[in-house]
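In what follows, a structure is listed as structure tokens, so that the remarks can point back to it.
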């Protein structure tokens, strides 16, 4: 009797406590890619993050003017004022003879462009996964098209700055070190392919709030790429699509926070 | 005579806390366990025995009863023939009846003391014999004054003798006048006393110097010391038993070679500690703490030193391997006390101490005259040539006003730095009650600690309550609980007045403390570079931690398989922490934002469940097998919440109404981990001469990468008790000599939860015209499927020895380890879109030697002098890093991180200071370009006439120590004892180097802020130790001089006086008083400044070390 009681006690303890533990981690206080690329609003958030970085990195910081960090890109003048403290470091951009991979300007843009490409790749890849839920194929195509525009946007800078660079077209999911440089022509070709998709599906400028690239921007960039590829008819066609859509026109007055800016002479040598 | 302890540490084994002293009157091992014993016995709960044996020796029958019941038998085999074989078959008899059956027809009688039965043969005499003419009586006590029952008192050269009764009393009759009495007892030093004319001989027996039979905790169980194969050291807490200490690390300091304990210089501070060398670059070096069998989640300040029964340090890879993936920094096993009684009554114990704390060496700050001179020197050095008597024109507005206020320029503040210093105190009180009965024992204690440090607002309070219970529910089931509740309370950010812009060192002698309205001035000497330290103090701040821990265990002795037991241990720890602060208008933080408050709350919950199966048995008297199997799971989850707010119209309610601020914010977070461990350990010993232990542990931990969830940690160790070999018997001076050797692998579970998972980050984006942001998302971290643990593999060889009748005993260990797969930050190519991941790479080697020595130097009458020496030396080498990344065929150093292949961690690679340039160097043209007189002269290694970072830096030395030693002496004379403890860390040969850079402090070249007095160069003080004031701002190539931190310190002196004899009259069992002093003197020949041991020099962030004088009281009643 005692033996039975004894055995059953030990068995009961073991049975209630020795279930196999799963060591898989379930995140508690952060989101994971698996549950963050599933709905249209989430994909739009992912696009917004690239826009945030483009706005901050190329055009201006979203808040005070004092924080702006304006590099050369995207501003059609040769030299911009870069804030009082960092002026000297920006001047190194013009010492072409000393520029190398350790130059902070060079390495900054290299990683910046690939960051956008990587984010765009994540959107493009994950839009096709079964976890992504789409109301319609049009919704999905519009998102993917916009991501492809942003990818081409980054690659076209790279092709112009470095010529050929490694062509990464899928999300990086594991550390990789053996990147191979593609040719400049291959980069332009990829840009053209992406933009050709983009102009088919992206919303037009009248359908969007400011702060987001419209189809017209894709046409404009496609036009630029076509010029680079010496496909001048293609460039004309793309530019014509923007000119003739009746939704956009040239700026005729100054705009933005610098609308009243008066040029008072050069501040740097 | 040896002490045989049933005091099994570990809490999982049915324990007999009370040390059962088994008398051994002959050298014959009486209680050998016979495999063939056919007797079976089962004790009923009412104490009745069923016993059946055929043709079995009486000794075996008694042994069998002992093994399976709580009864113990003491006898002299010279007088009682226990080898006689007999048959017995009885049902439901009590133990007396069984003894009557066994010894029927002989003259053997017995007396019982609780469950202990002492057997006598009439012909050898008994305590009751009184009919003889000449007799001696007396009482035998142990060193605490407690009576010792069962001590054998023998007339030397005969077999005549008696055994002391339960009160330690004996009586011997019919003895010759020249008789010598031999007193002996297991685990005690024997004594011989000539009777002479004495009729009363009271004897106090001392504990034997070395207890080779002592059992040591080895993790998930215990082992006889002589069977241990690894470097396992049980700390000698006895030395410090009566000396008041603030925490257990202070007690351990210097007792175990290879356990390196640092310094604490704040209230509630616990010294940092490591075991052996540095194994890792990035991961923590803190050893694993195991408290009562459960992984400890708390700080050492939570454990009251007076609750601790034993501390064992597992130093080498093989011993620590039972803790697998967490053990690469070594393991410290702490067991708390179990119940003991005082003559069967509850034992109350009170320990109380009060101490006064002062700065070891106060920092000297410039007085008014020195301040003016320094201001003048700085002005001159920076090109403003001013005569000294006109220097006052360069004082700040407030300073100038105060300077001119009196004709002789009396300072307004005589000792400004002193306003932020205070005399601290330490107060510790602990009260415990404990008792033990046959079925139950308990230990309960309450502890209170209050400390005040030497810098303003440095306070600490600690309360804890402990309840330890153990109950033998049936003869096969024992359940126990060990639990504590602890609270710690510090004001947050408690060191005020150090650090550059609020340093109390910076106060000018001519500053104003107060505004006209009595409030503190923010800028006491006008300059806004210096805020009054009072403005750094929060209106309200707190940092409280509450820990609740319970460890429950149940041990089942499987009745029908001898030696088999099962233990389940469940431990639950709840940690709560609350931190918060409120900075009102009159604070540096609160002023610009109109008040700022923060309140944080954190909770963590850890549960651990261990299943432990043990089998221990000796076969054929020689083959001892000990098998331990473990299945362990541990779960942790934590949650934290932080609220903060700024902009208070009315700050009165502080942190209790953060919503009164204009911009309240909240954030929360949490994490979860799981760990699974399986371990098997098999120990086989042959004849107590040869032993081998093999351990295999497999650990899984959730934070490891998907592909590396599990790790395997094997180890093996052997030992050889060579002194037991017959060929060693002739070496008379040798008592013990044991060789040990082991090899094993450990892990460092240094990966934080979720760090290998891909994560999504968020930010905010505003579309045109939007006033509300849109949340953005991006993949912020790359998943890492291949990150595992750092693993340490190494061997250890050691010798344990004891010579000259145990007067000198000790151990020597040598070890060599290498740690692979260090957690390194690996930069990824930019094309990946990610910055870096943590990867496993590199290798670090450590080797070293350790010596522990205990000696009995002198014993003459009532005087005794014993010493303990610990010595350790460790050498470290980086053998691999990230490989050859620049393709030159040689593995690359990582110079920016100070990591060099083939060199130690802590290697200093920089410019070498070879002296100070003087005006003559400038005049002669021997000064390097860009240097000035009063600048450090740097060695131009390639002699190209200029200093360049890639050409002229060189290996200066190593910041790690060369070796450490400590030397503890205990002198006792009767009731007085004196402890003198010296501690040293030594450098030499360019080891143990550190900089001391008062000349680089933020305001070193500012005359409007004060500074600690230091010897700077001026044109008239050319022999100065440190460069000129302008060096910091003007020198192009700055070098730092390195100083050797070697020191020898008189770490502790304690004088103890035992007042038990006086106190006994008042019913107090034990009373002693201790006066102790810490840090009485330091010899540090090379160091300049506050304290070599903490590397505090003359800089403005130097925190003073402490000197404590304490008076302590121990009472048992």
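No value in this document is a laboratory result; all are computed from the given coordinates. If you're wondering where the values come from, they're calculated on a predicted model, not measured in any experiment. All Cβ positions, glycine included, derive from the backbone under ideal geometry; neighbour counts span all protein chains shown.
For segment B:257-354, the share of DSSP beta bridges that are antiparallel, to the nearest 5, is 75%. Summary value for chain B: 10 percent relative contact order, contacts being C-alpha pairs under 8 angstrom separated by 6+ residues. Averaged over residues, the count of other Cβ atoms within 10 Å places the peptides B:966-977, A:212-223, A:171-182, B:321-332 in the sequence B:321-332, A:212-223, B:966-977, A:171-182, highest first.
Counting, for every residue in A:108-118, the Cβ atoms of other protein chains within 10 Å of its Cβ and taking the mean gives 4. Taking a point 7 Å out from the Cα of residue B:629 in the direction of its Cβ, the residues of segment B:667-688 whose backbone N falls within less than 11 Å of it are B:679-681.
Please label the shape of chain B as rounded, prolate or oblate, based on the square roots a ≥ b ≥ c of the eigenvalues of the alpha-carbon gyration tensor (a/c under 1.5 means rounded; beyond that, a/b larger than b/c means prolate, else oblate). It comes out prolate by the Cα gyration axes.
Between residue B:786 and residue B:768, the contour length at 0.36 nm per residue exceeds the Cα-Cα span by 2.1 nm. If R₀ is 56 angstrom, what is the calculated FRET efficiency for the pair residue B:1015 and residue A:181, using the beta carbon separation as r and rounding to 0.05? Efficiency computed from Cβ-Cβ geometry: 0.40. Rounded to the nearest 5, the antiparallel percentage of DSSP beta bridges internal to the protein assembly as shown is 95%. Looking at the square roots a ≥ b ≥ c of the eigenvalues of the Cα gyration tensor of segment B:869-1021, which shape do they give, rounded for a/c under 1.5, prolate if a/b is larger than b/c, or oblate? It comes out oblate by the Cα gyration axes. The C-alpha atoms of chain B define a longest principal axis, and helix B:368-381 lies at about 60 degrees to it.
Between the Cα long axis of helix B:58-68 and the first principal axis of chain B there is an angle of about 40°, rounded to the nearest 10. Compute the Cα gyration tensor for segment B:293-341, then decide on rounded, prolate or oblate, letting a ≥ b ≥ c be the square roots of its eigenvalues: rounded whenever a/c is under 1.5, prolate when a/b is larger than b/c in the other cases, and oblate in all that remain. Taking the square roots of the gyration eigenvalues as a ≥ b ≥ c, segment B:293-341 is prolate.
Within 10 Å of the Cβ of each residue in B:666-674, the mean number of Cβ atoms contributed by other protein chains is 3. Simple spin-label estimate for residue A:252 and residue B:752 gives 5.8 nm between the two label positions (7 Å along the Cα-to-Cβ direction from each Cα).
Per-residue shielding of B:100-107, expressed as the average number of other chain Cβ atoms within 10 Å of the residue Cβ, stands at 0. Each label point was placed 7 Å from the Cα along the Cα-to-Cβ direction; for residue B:198 and residue B:603 their separation is 6.6 nm. The stretch between residue B:686 and residue B:865, if pulled fully straight at 0.36 nm per residue, gains 60.7 nm over its current Cα-Cα span. Rounded to the nearest 5, the antiparallel percentage of DSSP beta bridges internal to chain B is 95%. Using the Cβ-Cβ distance between residue A:200 and residue B:894 with R0 = 45 Å, the FRET efficiency computed as 1/(1 + (r/R0)^6) comes to roughly 0.35.
FRET efficiency for the residue B:345 to residue B:519 pair, using the beta carbon distance and R₀ = 60 Å, is estimated at 0.50. Less than 17 Å from a label point 7 Å out along the Cα-to-Cβ axis of residue B:299: which backbone N atoms in segment B:529-560 qualify, by residue? Flagged as within label range: B:541-548.
As a rough guide to protection, the peptides B:100-109, B:450-459, B:590-599 ranked by mean Cβ packing within 10 Å, highest first, stand as B:450-459, B:590-599, B:100-109. Highest average first, the peptides B:667-675, B:230-238 ordered by how many other beta carbon atoms sit within 10 Å of their residues are B:230-238, B:667-675. Extending 7 Å from Cα along the Cβ direction at residue B:404 and again at residue B:111 yields two label points whose distance is 9.7 nm. Against the empirical curve 2.2 N^0.38 Å, the C-alpha radius of gyration of the protein assembly as shown lands at a ratio of 1.13.
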